[in-house]
1. Please specify each residue of the stretch 111-131 satisfying the condition of being touching a Phe, Trp or Tyr at 6+ places or on another chain (Cβ under 9 Å) and in a loop (DSSP other than H, G, I, E, B).
2. Go through the residues of the stretch 55-76 one by one and say whether even a single one is in contact with a strand residue (DSSP E or B) (Cβ under 9 Å, 6 or more places away or on another chain), free of Cβ contacts under 8 Å to residues at least 40 places away in the same chain and more than 23 Å from Thr285 (Cα to Cα).
3. Condition first: in a strand (DSSP E or B) and either of a type in the set (A, V, I, L, M, F, W, C) or under 24 Å from Ala137 (Cα atoms) (or both). Can you find one or more residues in the stretch 99-110 that meet it?
4. Among the residues of the stretch 218-232, count how many are part of a loop (DSSP other than H, G, I, E, B) and either among the aromatic types (Phe, Trp, Tyr) or crowded, with 16+ Cβ neighbours inside 10 Å (or both).
5. Name the residues in the stretch 116-133 that are farther than 27 Å from Val286 by Cα and either crowded, with 20+ Cβ neighbours inside 10 Å or free of Cβ contacts under 8 Å to residues at least 12 places away in the same chain (or both), would you?
6. Exactly one condition in (1) in contact with an Asp or Glu (Cβ under 6 Å, 6 or more places away or on another chain); (2) more than 20 Å from Val135 (Cα to Cα); (3) surrounded by 17 or more Cβ atoms within 10 Å (Cβ to Cβ) is false for Ala13; which is it?
7. Taking Ser215 as meeting all but one of (1) at pLDDT 95 or above; (2) surrounded by fewer than 20 Cβ atoms within 10 Å (Cβ to Cβ); (3) in contact with a Leu (Cβ under 9 Å, 6 or more places away or on another chain); (4) outside any loop (DSSP other than H, G, I, E, B), write down the number of the exception.
8. If the Cβ limit is 6 Å and pairs must be 6+ apart or interchain, which residue in the stretch 182-207 that is more than 13 Å from Asp96 (Cβ to Cβ) pairs with which residue that is surrounded by fewer than 24 Cβ atoms within 10 Å (Cβ to Cβ) and basic (Lys, Arg)?
Amino acid sequence: MTRGDGVLLLTNAKAGSSETETLDRAAEILGGAGTVERVECSAPRDVDEALSAHDDEVVVAAGGDGSIHTLVQALHRRGELGERVVGLLPLGTGNDLARNLGIPLEAAAAARLLVDGASPRSLDLLVDDGDDVVVNAAHAGIGAEAAEAASRFKPFLKALAFPVGSVLAGVRHSGWQLRVEADGRLVTETKALMVALGNLSGIAGGAAQVAPGASPRDGRIDLVVSGATGPVARVGYALSLRSGRHLRRDDVVRTVAEQVTITGEPFRINTDGEVTEPTTSRTWTVLPRAWRIVTP
């Protein structure tokens, strides 16, 4: 932001009192550089309506990975990714995108980053065959089932909900028969525990470096497929995810591609923290440097 710029600040209409105080302070900091239009949103359509009503170049999402995903999804659908600059005030549970990009996890500090004139970076975007975007990462299999199981515990366990969900998912599932293709070539056709597509490296609030080394500016999808379906292998894979050592395992395949397709028996997908209903096929394509976000 430069002095005198306006900013559209999108907040969660269901925010609690402590979060509202945090937002008030962040909005005050943003106001030091220009006019702040603050709009509360409770559904994706609210984001779309706010974008239609306000033409500010800078649009800031106050929330977690789901909030930034919803904003970028709306901008993509409206054809405005090249016209707007995105900002983020991390207020979610995992805040994976902020962690991966080095954006301060404290909202006031993130607001100061915007005001102090940090330059926006152009990042890649993954888009699937249903026109849904992936900002940070998507993964199918055990990770998606773990996130689905964890959702019921999030309100009171916060970031600790994911390890609980992982245990429950590990008990219920041992793998899915899947075919994975990268740029039209077969990567694997086997029983897989997890298939991950990384635009950036970390997921689960920093608890898993599923695609270590992934760059959001190289025009490539980092693809990681785990065949660790046995009981002992599943535990070993899970333990190695935190440090990224899973890539050294014999039952893990990694490659990069511009397009990835997964087909097979019904599987859920975790996209930027949101879990889909089961599907039997999905294709993702990378759009190089398609959107801009302010980072350190």
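The values are calculated or read from the model by the stated rules, or taken from the named source; none is laboratory data. These numbers were taken from a predicted model, which means no experiment stands behind them. Glycine gets a Cβ as well: all are built from the backbone with ideal geometry, and neighbour counts include every protein chain shown.
1. The one that is touching a Phe, Trp or Tyr at 6+ places or on another chain (Cβ under 9 Å) and in a loop (DSSP other than H, G, I, E, B): Asp129.
2. So far as the stretch 55-76 goes, yes, one or more of its residues are in contact with a strand residue (DSSP E or B) (Cβ under 9 Å, 6 or more places away or on another chain), free of Cβ contacts under 8 Å to residues at least 40 places away in the same chain and more than 23 Å from Thr285 (Cα to Cα).
3. At the first step, the residues of the stretch 99-110 found to be in a strand (DSSP E or B) are none.
Checking the stretch 99-110: not a single residue is in a strand (DSSP E or B) and either of a type in the set (A, V, I, L, M, F, W, C) or under 24 Å from Ala137 (Cα atoms) (or both).
4. Residues flagged as part of a loop (DSSP other than H, G, I, E, B) and either among the aromatic types (Phe, Trp, Tyr) or crowded, with 16+ Cβ neighbours inside 10 Å (or both) within the stretch 218-232 amount to 4.
5. Asp116
6. In the conditions (1) in contact with an Asp or Glu (Cβ under 6 Å, 6 or more places away or on another chain); (2) more than 20 Å from Val135 (Cα to Cα); (3) surrounded by 17 or more Cβ atoms within 10 Å (Cβ to Cβ), Ala13 misses (3) alone.
7. (4)
8. Every condition considered, the pairs that remain are Glu189/Arg179.
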